[in-house]
Each structure stands twice: as C-alpha cells, then as structure tokens.
Amino acid sequence: MKVNAIAVANYFIDLAEQERHELRQFGLMKRVYITHGFCLAILNKSALDPRFDVVEAWKNGPVIPSVYHSFKHNKNNPIKEKSVIAEWAGGKVEYTTPELAHDCGNVKTIAVAVFEKYRDFSDAQMVALLHRQGTPWALCYEKGKNNKIPDLYTKVFYKKVIGI
C-alpha cells in the first residue's frame, strides 16, 4: 500500500500499543504531521498521499483532515483501534487497514524517531510546539479559515530543525 497519512497514523497506534503508551487524537495528528515534515526534509518525499491528504492550519495547529476525520470519534480518549478505509475494487467496496509496508522502511524509521523524541509530550505540549512563531502553522493560520500549509514551508522548517 502507498504511504499516506492514515498508514502513518496506524503505525503510531502500533508503536503506542507496543510501548503501552496512550495516544490521543491531538497527539496522533501532530506526530503524523511532524513525521511528514521530517520525511520532506530528510528523504525529499512526502509521507502523505496527494490524492486525499493535505495539511491545513487549524486553530489548534497543523491538521491533516483525513487523520482528523478517521479518529475524531475517539474525542479525547486513548486511541486503541486503527483506522479502516473503504476502497472501490473490482466493482465492489473493500475495507482495508492502511499500513506502512516493508518498502516504506525510511518512513517507518522516521516515524519511530518521532515517536521516541515526542513520546512524553502531552497533547497540549505538541500543540504549543507547533504554534511557535516561525512555524509553518504560524505563517499560514488565519482565524476562522483552514488554510493549506504548503509542503515547501514544512520542508524548509524541518530542514532548519535538523540543521541541514
């Protein structure tokens, strides 16, 4: 399966389960975005699928709507189940669980690094981290609008974060 935001989110759910770590919606969304940023900076490729993943500047930071809508039913409760998507195949609907395949090794490595680095950050700390002045969110956010955050802004920002 192609790399996309839901596959990355589902991988974080696996990592959290392995570590017996509670992961909630805000924290999940922010970690997926940060993984995307590091993928752009380090691998020069996106961790998102442009067919249905986009990053927007919402009130509480960068949001990938596909992740938000897939996990919003959890509200502020710990996420225990992966997201399933419906796909049209051979004249019928098939339900699949997006996962990072073995050939997504570099994305997986970055996701693990993000998980380890931000493991102990609360959701509020994750929001504050991405709300700082000079972040892609800060450059794009306008009250009452969900403006798109261009990948170029995210890539440049995360290149500065890692010093390349």
* Look through ALA41, ALA89, ALA57 and report the one residue that is more than 24 Å from ASN147 (Cα to Cα) and of a type in the set (Gly, Ala, Ser). => ALA89
* Hand me the list of strands (runs of 3 or more DSSP E) wholly inside the range 52-164 holding 3 or more residues that are in contact with a strand residue (DSSP E or B) (Cβ under 8 Å, 6 or more places away or on another chain) and over 25 Å from ALA41 (Cα atoms). => 85-89, 92-96
* To do: Using the structure shown, decide if VAL55 is closer than 15 Å to ILE13 by Cα and β-branched (Val, Ile, Thr).
  => no
* List every residue pair whose Cβ atoms sit under 7 Å apart, with the two residues 6 or more apart in sequence or on different chains, where the first one lies in the range 76-89 and is charged (D, E, K, R) and the second, anywhere, is outside any strand (DSSP E or B). => LYS82/ASN10; LYS82/ILE13; LYS82/THR97
* Asked: Taking the range 72-108 on its own, how many of its residues are in contact with a helix residue (DSSP H, G or I) (Cβ under 9 Å, 6 or more places away or on another chain) and of a type in the set (Phe, Trp, Tyr)?
  -> 0
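Every number in this text was worked out from the coordinates using simple rules, so none of it is lab data. Here the structure is a predicted model, which means the values were calculated and not measured. A quick note on method: Cβ atoms are made from the backbone with ideal geometry, for glycine too, and the neighbour counts reach across all protein chains shown.
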